[in-house]
1. Residues of segment 783-815 being open to solvent by 10 Å² or more (accessible area, probe 1.4 Å), within 19 Å of Ala841 (Cβ to Cβ) and more than 24 Å from the chain's Cα centre (by Cα), which ones?
2. Do you know which residues across segment 2-24 are farther than 20 Å from His67 by Cα, in a strand (DSSP E or B) and open to solvent by 90 Å² or more (accessible area, probe 1.4 Å)?
3. I'd like the full set of residues that are buried (at least 19 other Cβ atoms within 10 Å of the Cβ) and within 33 Å of the chain's Cα centre (by Cα), limited to segment 538-564.
4. Taking the options Thr400, Thr407, name whichever one is part of a helix (DSSP H, G or I) and either among the small types (Gly, Ala, Ser) or closer than 23 Å to Gln460 by Cα (or both).
5. Give me a count of the residues in segment 318-329 that are open to solvent by 20 Å² or more (accessible area, probe 1.4 Å) and either among the small types (Gly, Ala, Ser) or touching a Leu at 6+ places or on another chain (Cβ under 6 Å) (or both).
6. Evaluate segment 612-620: report whether one residue or more is within 32 Å of the chain's Cα centre (by Cα), open to solvent by less than 30 Å² (accessible area, probe 1.4 Å) and modelled with pLDDT of 95 or more.
7. So if I check each of Glu151, Glu128, Glu138, which one is more than 23 Å from Leu56 (Cα to Cα) and either buried (at least 23 other Cβ atoms within 10 Å of the Cβ) or acidic (Asp, Glu) (or both)?
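The values are calculated or read from the model by the stated rules, or taken from the named source; none is laboratory data. Predicted, not measured: the structure shown is a model, and the values here were computed from it. Note that we place each Cβ from the backbone using ideal geometry, even for glycine, and neighbour counts take in every protein chain shown. With ligands, DNA and RNA removed, areas are computed over all heavy atoms of the protein, side chains included. Shrake-Rupley method; radii C 1.70, N 1.55, O 1.52, S 1.80 Å.
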Amino acid sequence: MEQFKGQLRLPKFAVPKRYDVRLKPDLVACKFGGSVDIDLDIVADTKFIVLNAAELSINAGAVSFAHGGSSKVFKPSKAETFEDDGILVLEFGEMLPIGSGVLVIEFEGILNDKMKGFYRSTYEHNGEKKNMAVTQFEPVDARRCFPCWDEPACKATFKITLDGVPSELVALSNMPIQEEKLNGHLKTVSYVETPIMSTYLVAIVVGLFDYVEDHTSDGVKVRVYCQVGKADQGKFALHFAVKTLEWCTEYLTEDDYETEHQGKKGGGRPRKTWKDTLKKDMLYLELTEDLSQNRAQYFAVPYPLPKLDMVAIPDFSFAGMENYGLVTYREMALLFDEQHSAAANKQRVTITVAHELAHQWFGNLVTKEWWTHLWLNEGFATWVSYLATDSLFPEWKIWTQFLNEVTAGLKLDGLEESHPIEVEINHAAEIDEILDAISYKKGATVIRMLQSYLGAEVFQRSIASYIKKHAYSNAKTEDLWAALEEGSGEPVNKLMNSWTRQKGYPVISVKVKDQKLEFNQTQFYSSGSQGDGQWIVPITLSCGSYDARKNFLLQAKSETLDIKEFLGCSVGKAGCGGTSNKDNALCSWIKVNVDQTGFYRVKYEDELAAALRNAIEEKQLSETDRFGILDDSFALSMARKQSFASLLTLLSAYREELEYIVLSNLIAISYNLARIAADAVPGLLDHIKQFFIGLFQYSAERLGWQPKPGESHLDAMLRGEILTALAVFGHELTLDEASRRFHAFIEDRNTPLLPPDIRKAAYVAVMQRTSVSDRSGYESLVRVYRESDLSQEKTRILGCLASCPDPNITLEVLHFILTPEVRSQDAVFGLAVSNEGRETAWKWMKVTLTSLRHFTKCFHVHGFFLSFSTFAAVIHFSIWIIRNQDNWEHISKTWGSGLLIPRFVNEIVSPFASFDKVKEVDEFFKAHPNPKITRTVKQSIERVQINAKWVQSVQSERNLADVATELAYRKY
């Protein structure tokens, strides 16, 4: 049996075809029992059957294998679970015959509180705390519910039956109920057998729910389930889900198929079993080979199940999980309250729902072959979520906000401790750490970059071919490239391997010399180091006007183009020349990476950069290009390739900016610059804050505090962000007005003075004036938290509490997030502490018994020389340490096996900016190793090093004081 330990994947002796799973959850004792009958094909000579199982008690005496070709039943001589590898090894006394058979296993398990496997979530009903049973199997936790081949490629069908369910509860699974039998106060519920799918997509939910229901025009039943009394909050997601499925059908199927196989519009799709569905879909695949391609076909098959349930779960570690036909969500990602949810909450619900529904095709219908290809699921779902949202809410200009996804990917991939999109997975414990911005956001961005290069029509046609070929099966990255290469005639495999098989991305340096345009690519690192990566880069550029766009592939390290020959114009100096591209005309600016469709950064020589700054002031550039110039300049300054002073000067060109996406990024950048300035040049911080206040007042005055009739969704979001920024930077008028409105809200929660879109601004403003000597704002906010039952409001408050500049209040907030009042998945929202609270948060997280012993030793040595006040402070600190001596142990125990512990490390460690802290953090985590956060710790330490180098660089800038002073008091 030892030979199976430590193996990356399961041996291929046996192939599962069908599971018959029976489970009996006990919601009071928080445990479950069950059995599974697995139809297998034995495909190689073996005495062993090896499958996945973890944290289950296996009834070894009840394990058997019956060969289909005879009446013989094989009993294992040994059955052993290896928890570190999550496998169950069954050894038989003789060779198992080749062919089909049935493996039977009985087991028991615990409904855990870790939000993974088969777990319990809590809720209140009529003042009584109750449990619900929920599954979360991705990435590798189906094995914690029943023994199985828990790998994406091991697809099978699943027949689910639930026993002993209290009759008043709702019991859901992937497919509709086939039969329900009552036995007193309990019931047995069996479900229609699923289509072929991977184990991580199996889902079960048992609890007390309300629901709202609707149907798509072709008869798919859609429901949103939520806690009793919250049904109205599910209506927006329900409406959007129905429209999204219909959008997919409208875009992704042909009229001939709809007519022949679905009957009249709205007549309902006849569906008895998944086999009928599969038969129809396979016929459709054949039919569409001969149909005209007059409409886009991304997926090539309609939604294949008869129902779609979406469930809001109170305790849930992901935003959403795409389980086939039973999609589960965190409450804040599914529910929307018209009175208390903000516009940003509505957008998050929209994007999350669209993402999970996109997975019904990208992930569920066509599934990654192994976790190395995770990005095929997540990158595509992220990209399609924007495609669908843009179709249904074009006024949101959601593709401009896709730039946030691009930036998040660039930030993480700018680290030397990043990883390729296609990353080798050597152990199941490594998978959680790649559910990150590389797989999701960089993945989505390179898809968009490739679509832009190939053209939308070619891309859509190729994706249809890919989906049709691999439907109900598995795929690798190279399968996608093959389909796109065949459909486009372009060398897609060669082009894209440089983007998916190596980490990082290039910075393209651009300069003009003798009317020649010179391009050079080098690998960009935020640390300022230079890597040796090289990419095939789709370069796009405009010169003086968007009427003349050019593109080419930069395949070498450098390339030189004749401007007149390539662009049909000449390049003038900054601020001169026209914007037309007629013969002999002068271009006043050159913008590379037009509309930011490429996953790379651009560094311009000084004259070209000055021309672009002038073009921003003259409002000649699109909002996406204004965003890109700003974001690239910020990244270059961090990498010490551009001065801090020149970045501030560039920011001044955005004073009259009105577009949401540009201002939102400008605000995020200003927070980072203020943090660095506080460490590097604290004497200039007030000037820099004053500059930022002046920068944002133009937009703040235009927007005001109160929403305007008929205003845009983007203005509603922008108002809150602008006012929050003014509060953070200490604008007294904003702080005063926020306080007035907040106190009105405390007196009347329905006051029109504090609509949801500006509540965060008011909460942050109140916390800026909170201290141990005036705790009223903190106590009022905690009271609002306790009285609210809306998840979005609770997380909004948690994020604002931590912004207080008083470290003593910060410590209280950190204590609070570990109490039972804060759900486990929400604790991370309280970690975004102020600059002043960084050290407090670090000490709070890392304190251990070792720290206490060291501290008391120092006290005994030096105690006789302490003044009374210092002695009192020491005693206070000692008591604090004793109270918190188990914090890291508690954090590791509570979150250490899931997705959230990296957030603790990253949020608390990354804001630091000193080499001493690098050493301290490194020593702590070496003394407290955890394999699940190895990559996160390295990335967080690298960020501290980057900040420390940046601080040193800023301190050496001789003209910074003059620039900061001039900008702070500049009259516009």
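1. Within segment 783-815, Pro805, Asp806, Pro807, Asn808, Leu811, Glu812, His815 meet the criteria.
2. Arg22, Lys24
3. Pro538, Ile539, Thr540, Leu541, Ser542, Leu554
4. Working: Thr407 fails: either among the small types (Gly, Ala, Ser) or closer than 23 Å to Gln460 by Cα (or both).
Thr400 is the lone residue from the list that is part of a helix (DSSP H, G or I) and either among the small types (Gly, Ala, Ser) or closer than 23 Å to Gln460 by Cα (or both).
5. Count: 1.
6. Taking every residue of segment 612-620 in turn, at least one turns out to be within 32 Å of the chain's Cα centre (by Cα), open to solvent by less than 30 Å² (accessible area, probe 1.4 Å) and modelled with pLDDT of 95 or more.
7. On the way: Glu151 fails: more than 23 Å from Leu56 (Cα to Cα); Glu138 fails: more than 23 Å from Leu56 (Cα to Cα).
Every option except Glu128 fails the conditions.
Yes/no matrix, rows are residues, columns are (1) basic (Lys, Arg); (2) out of contact with any Ser or Thr (no Cβ under 9 Å at 6 or more places or on another chain); (3) at pLDDT below 90; (4) not in a helix (DSSP H, G or I):
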| residue | (1), (2), (3), (4) |
| --- | --- |
| Ser217 | no, no, no, yes |
| Arg223 | yes, yes, no, yes |
| Gly234 | no, yes, no, no |
| Trp247 | no, no, yes, no |
| Tyr257 | no, no, yes, no |
